[in-house]
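**Student:** Would you mind keeping the following structure in view while I ask a few things?
The values are calculated or read from the model by the stated rules, or taken from the named source; none is laboratory data. Everything quoted here is computed from the prediction, not taken from an experiment. Note that we place each Cβ from the backbone using ideal geometry, even for glycine, and neighbour counts take in every protein chain shown. Accessible surface is based on the protein model in full, side chains and every heavy atom, while ligands, DNA and RNA are left aside. Shrake-Rupley method; radii C 1.70, N 1.55, O 1.52, S 1.80 Å.
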Amino acid sequence: MSVKFTGSFLLAMLLFSCQEKNYKSYEYELGVISNPRIYKMLAEDSPEKQMVDLKELIPGIVLDIRYATKNNFTGNRIYLLEKAYLRLPAAKALKRIEAKLNKQGLGLKIFDAYRPYAATVKFYEVYPDTNFVAAPWKGSKHNRGCAVDLTIIDLKTGKELPMPTPFDDFTEKAAHSYTDLPKNIINNRKLLRDIMTQNGFTSIPNEWWHYDFVGWENYELLDISFSDLK
Ligand SMILES: [Zn+2]
């Protein structure tokens, strides 16, 4: 009995360490950059790789960084700082979008932008469904500083325009193809999609709030904390 216990215990330990090793080897195979000095060198070499603090470039933008609170699908606070970073060209595109929306009395609210790779691993452990959560063996475009989760607000009231679902609702209702909705909600979703796709971003089928910056392949996956980017 004790031999059997020891055997299964060792097996469990082995599986655990393999899993740990897997994430490390994904990181290695994907070329995830976790050294802030290497990121800095790359950004000095190619200025478009600079990570930009959205609040500094677009002072009027509203942040509701859910992963810096417990109000997210993990139920835990994942980020230590409430920050939104994107690579320079993506940040500039968002600035143009904000300016266009402002003319209509509207603005952007950001739920998430750059996300360190370690957070992607954590998300997958909590919710291992790659329809909604990025696979650690691929990484997320958020890890490249080239994806943003956002919605539109009314500047007068500060309230979000009604959308099909809340942020990070992992149901079919979050898909762009879902049409069993009031007309105004369909129009709001379309307003966001049109302005994003006309200004350098592409949508994904399953999440109305998520947009990828075109050219994301040119930017490395990063695992650098917000405090190291500051
Ligand atoms: Zn996203």
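**Student:** State which residue is most open to solvent (accessible area, probe 1.4 Å) when the search covers only region 196-213 and only residues that are among the β-branched types (Val, Ile, Thr) and either touching a Lys or Arg at 6+ places or on another chain (Cβ under 6 Å) or closer than 26 Å to LYS122 by Cα (or both).
**Tutor:** Per the criteria, the residue is THR202.
**Student:** Restricting to region 139-162, give me the number of residues that are more than 14 Å from the ligand (Cβ to nearest atom) and in contact (Cβ under 8 Å) with a residue 40 or more places away in the chain.
**Tutor:** 8
**Student:** With respect to the numbered conditions (1) assigned to a helix (DSSP H, G or I); (2) within 16 Å of the ligand (Cβ to nearest atom), which one is the sole condition not fulfilled by ASN187?
**Tutor:** With respect to (1) assigned to a helix (DSSP H, G or I); (2) within 16 Å of the ligand (Cβ to nearest atom), ASN187 is out only on (2).
**Student:** Further question: Within region 97-134, how many residues turn out to be in a loop (DSSP other than H, G, I, E, B), more than 10 Å from the ligand (Cβ to nearest atom) and at pLDDT below 95?
**Tutor:** Matching residues across region 97-134 total 5.
**Student:** Counting just the residues of region 57-74 that are assigned to a loop (DSSP other than H, G, I, E, B) and in contact (Cβ under 8 Å) with a residue 24 or more places away in the chain, which one comes out surrounded by the fewest Cβ atoms within 10 Å (Cβ to Cβ)?
**Tutor:** GLY60
**Student:** Checking the structure you have, find out if any residue of region 54-69 is of a type in the set (Lys, Arg), at pLDDT 95 or above and under 21 Å from the mean Cα position of the chain (by Cα).
**Tutor:** Yes, because at least one residue in region 54-69 is of a type in the set (Lys, Arg), at pLDDT 95 or above and under 21 Å from the mean Cα position of the chain (by Cα).
**Student:** While we're looking at this one, here's another question. Kindly check whether there is at least one residue in region 201-216 that is in contact with a helix residue (DSSP H, G or I) (Cβ under 7 Å, 6 or more places away or on another chain) and more than 15 Å from the ligand (Cβ to nearest atom).
**Tutor:** no
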